[in-house]
Structure formats: structure tokens, C-alpha cells
1. Answer yes or no as to whether residue A:156 is over 24 Å from residue A:38 (Cβ atoms) and away from chain B (no Cβ under 14 Å).
2. For region A:80-119, give me each residue that is touching a strand residue (DSSP E or B) at 6+ places or on another chain (Cβ under 6 Å), within 8 Å of chain B (Cβ to nearest Cβ) and not in a strand (DSSP E or B).
3. From the list B:135, B:206, B:177, which one is within 14 Å of chain A (Cβ to nearest Cβ), in contact with a strand residue (DSSP E or B) (Cβ under 6 Å, 6 or more places away or on another chain) and touching a residue at least 60 places away in the same chain (Cβ under 8 Å)?
4. If residue A:301 meets every condition in (1) under 23 Å from the mean Cα position of the chain (by Cα); (2) over 17 Å from residue A:131 (Cβ atoms); (3) modelled with pLDDT of 95 or more apart from one, which number is that one?
5. Would you be able to tell me the number of residues in region A:1-34 that are modelled with pLDDT of 90 or more and under 27 Å from the mean Cα position of the chain (by Cα)?
6. Tell me the residue from B:227, B:240 that is within 10 Å of residue B:146 (Cβ to Cβ), within 15 Å of the chain's Cα centre (by Cα) and part of a helix (DSSP H, G or I), please.
7. Across region B:177-199, what is the total count of residues that are closer than 13 Å to residue B:136 by Cα and assigned to a helix (DSSP H, G or I)?
8. Would you confirm, using the coordinates I've provided, whether residue B:169 is surrounded by 22 or more Cβ atoms within 10 Å (Cβ to Cβ), under 19 Å from the mean Cα position of the chain (by Cα) and in contact (Cβ under 8 Å) with a residue 24 or more places away in the chain?
């Protein structure tokens, strides 16, 4: 009811629903290339990362705020393109940018906050998983990591379809908001989070939060990740396990309900709900890549480990 | 009901109240000194700036999120001190830090978002002022600018009381949350905002939003601003008009109600509600410094003017 231009934005929360809030920052040289020419792509990714966290709660997004750090190299056109991309992606999911702050900064940075809401019965946390639950994701993994690789090096042998899919997964990822709300409506979905920091990191987090361990097996590697990893001399499964930024949802589903839920999911969305393993009572993360189980170290992106700071997230 | 550790934090909004949200960023080298040794002071200021915007709506703060950019020079102790200061100031006003993001960055940056709530009848906007309204502030101005000056240069002749007041106004400003809610309860307060960007800038904004102009006269200069400005060879009134970061509230009050409201305010808080001028039908901003009226150019901090970006705030 009151947006940009006053000290704060105001809105009327829906009666009987919980509010949710998330914040996620992107910094030049860390999350996107220094001097990145495409403001729209950066804005899109910044909003997608935040909306994905809203999706992971089973919520719908309502509004966003944007704190933008503007470096000397940035043009007004770049900023406008970034804002338009953020606003467009938010609008596609029913939300709008309600406020912000623009400050000078030596590097470009985006700190976005998104507020959403969800009915109390549909809120999905990451700590509700149980031993035996099927772990599944809303799409094959590794394409974003492949796209990043293509921005670094050109591999002319890769066919155009895979090339385009990888680049799109990296530059314009789509948050799984509809999928998140659909999955949240099922009581058989015990836990949900997004896989944005890499499956090895995020499955470990979900398992730990749920007081379990996890076995990963049959992890679905995106065809574009297969193609690019092979061209780059990398292991395709490593892209899927550790690449991150895929913005798929990761769910823990009651094992007896999984078949029926996956069939309904496929019928509704036209894409499969893909098993990636299961929760186990024994703590720790294990991988069965076809040649037996081995312990798996999380190698995705962990902000706190990277900074050696604890207890702040 | 769900805080740090999941994809998003969740809370139950109070029935029948509006939610408000604000975001404000501080960047090293712009809003605080590069290599600033005192993490607690920076954290405090970052939270104060955001809480002040909540105060300006007549709202109470509920929760905050923090996106922190961490530069290589920062120690874990510095970050912990900053977080503790943010959490302590929030807690003093009934709010808590509910989530965040920590990212690597070449410079330290804080992007905070605070959510609050307010009853629909008490929400104060900046566009409700009317010609003839008395403009008033919750405290004398310019002390923060004086404190900044003292961090840059030492002026041994200034007495310790003023020195301490100036440093505190700059380093640990106190948002006027109780004052904001008290003022918001009066229907005679037609408009309210905070004066964080400098009175000349903010009075101009309130007047413009209200479709008016403004005359500033009798602007109360903080004694510490008087002392430091004189020592530095500056004009004390300029500190009060253009210094910014004072985090006092600026209100437009029905003229016939002002005397009674100010008396009640003084009785309640023990400090005066200080007139700084009035709204006028004629657009523009004017100053009467005792020697007649002159047009006044806004010379406080304007993020957008500084960046030459329009339409984004």
C-alpha cells in the first residue's frame, strides 16, 4: 500500500498466514565477473537466488528490497537493466520491489531481501526429514556450473543445444516457486530446501538439520553438464554434486509415498521429481556412484566455511 | 518462530497491523572509515540507520536481516563485535536478527533490512503535510557532523563534554523509536520522516512529497556542533542544516495543536520538540537565519543525486 519514496514500505499481511523473509547478496568478482557487461543477467540471478529461498519454504513472494552498491565503472543503463530484470522476475511470481538503497561502492554489489507468506500448515523447514526418506530434486544438476565453465572457456565441439542450456542455467536460472508450493502442500514432504550451494553441501545440511545422515546415489547429471565437463576434462558428477547455483529444490519424502507423489508431480509439471538418494540414521554423507559407498566431503559453496566464521548463519 | 538456519525466517504477523520494511546499506570508505577498528560502532550505526526509518513510520521493529560483505582485513572478532552491536541495539527495541548472508567482498559492507509493524491508523507518511504546519525535530542537529569532524582532526580546545557528545552522536546514534510511536499516535502530526540525510535535504523532501514548500527558521544547533564548527572554522548552522546522520525525527504538526503537543512531548520525554520552521504553499525551500529569507539549496546527502540515477528510490 506504500512503496518506494517514504522511509519504509508498508503492506497489509494476509490474515492467518505466516510471513517469511530471506536475504542473499551478490558481489562483483565473487558471484559475478568484475566488469560484467550484462546488468540484466546479474539482476536476474540476484533475484532468482532470493526467490529460490522463498520457494524452499513453500511460500509465495510478496515484495523485495534491494540494496545496491554502485561502482564507478557502472553506467546508468547497466543499473536500469539490472533493476528491470529484478522487477520482471519478481513480477512473474507476483511480487514487486518495494524499496531500496543505492550507495557508492568500489565494487558492484546486490543485497536483496524478499518477504513472502505461506499458510502455517504448508511451511516447510529443512529439519523435518526422517531416516528412510527419499531425497529428490526438481531437476537434473550441474548445468549452472557448466554454464560458468562456458563463460570462462569456449569449447567449440559442444553442440548448441547443450551450450544454450548451460548458459541459461548459469545466467538466468528460474526459481522453483510453483513447484515449491505444490510440494509444500503434501504432508509426505517432510523437509525442503533449495540446492543452491551444491547438492553435497545442501543434502548434508538437510540431513544434519534432521538429525540424520544421507546416502546419495543415482544423482541426475544435466546433459549440458555431461557435455561441458567431458569437454573440459572434468568429472560430470562433480558438477552435479558440488557445482551449486542450480536453484532446484531438494525434498525429503516419506518412502512409501514417493512413487505416487512423483507420478502426480510429473503429471502436473511435465518434468520428473528425481531421486538422488535417501536419508539414513547414521550421521554423515555418503555417495554410491555405482562402485559401492564412500564417504563424501561437502565441496559446494559454504559461506561460513569460506570465511571461517561460525554461528552467524 | 523460525530463525537463522533455514532458507528463510518465518514469523506470525499481528492481526490487524500493517507490516513495514526498510533497507539501508553502509559501505567501508563511504559511510565509515576504511579499516575502521571498531566493528561494534559500525554495526551499531548500521542498525540505528535502519531502525530510524522504522521510527519514522510510527512503527515498532520486529526483526532484521543482515547481508554482510567481509573484506580480507576483517577479523572474526571484528565481525562478532559488529553482530553483537547490531543484535543489542535491535534487542533494546524489541527486535532480533532473524537471518542473513555473509559474502566475501573487497570492502566491508552492511546491507540491513528491518521489518516492523504499525496499526493502520498510526502509520505516518511523509506526504501528509499541509501549508502552515509547524516543522519540528526531536533534538538539536549537527552533532553527528561534529563527531565526524573530531574523528578527522583533533581540536584540543573543545571541552570534554562537547567532545564526548559529538563522538557519541556520530558513533552510537540512538534511533527515536519511542518518540516515533508517541508522535504517530497524534492525529495532529500530519507527516513524519527521519532527518538522516540532513535537514535541508529532508525538509525539502517532506515539503515536496506534501505538495508544499518550506521555510526553515530558528534551526536548533547542537551545542557540540557549535563548539566543533567554531574550532574548525565552519559555520555551525551548516552542520545542523546539511550534516545529516542525526537520526532525529522531523514532523509536520497542525499549527494550532503544536503548543499543546510540544508541552505533552516535553512532559513525557523530558526533552523538547523543537520547531525548525513551517510548511508554506509556495514550492521550494527557504531559510531565515535572522537576516531575512533566502532560497536554500539542499546540500545534505542525496544518494541518487550523488549517482545521477533517477527513479530508483
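The values are calculated or read from the model by the stated rules, or taken from the named source; none is laboratory data. Keep in mind the model is a prediction, meaning the values are calculated, not measured. All Cβ positions, even for glycine, are placed from backbone atoms using ideal geometry, and neighbour counts span all protein chains on display.
1. Working: over 24 Å from residue A:38 (Cβ atoms): no; away from chain B (no Cβ under 14 Å): yes.
No: the conditions fail for residue A:156.
2. A:105, A:107, listed by residue number.
3. Numbers: B:135 fails: within 14 Å of chain A (Cβ to nearest Cβ); B:177 fails: in contact with a strand residue (DSSP E or B) (Cβ under 6 Å, 6 or more places away or on another chain).
Answer to the check: B:206.
4. (3)
5. Qualifying residue count for the region: 16.
6. Numbers: B:227 fails: within 15 Å of the chain's Cα centre (by Cα).
Exactly one residue qualifies, and that residue is B:240.
7. 4
8. yes
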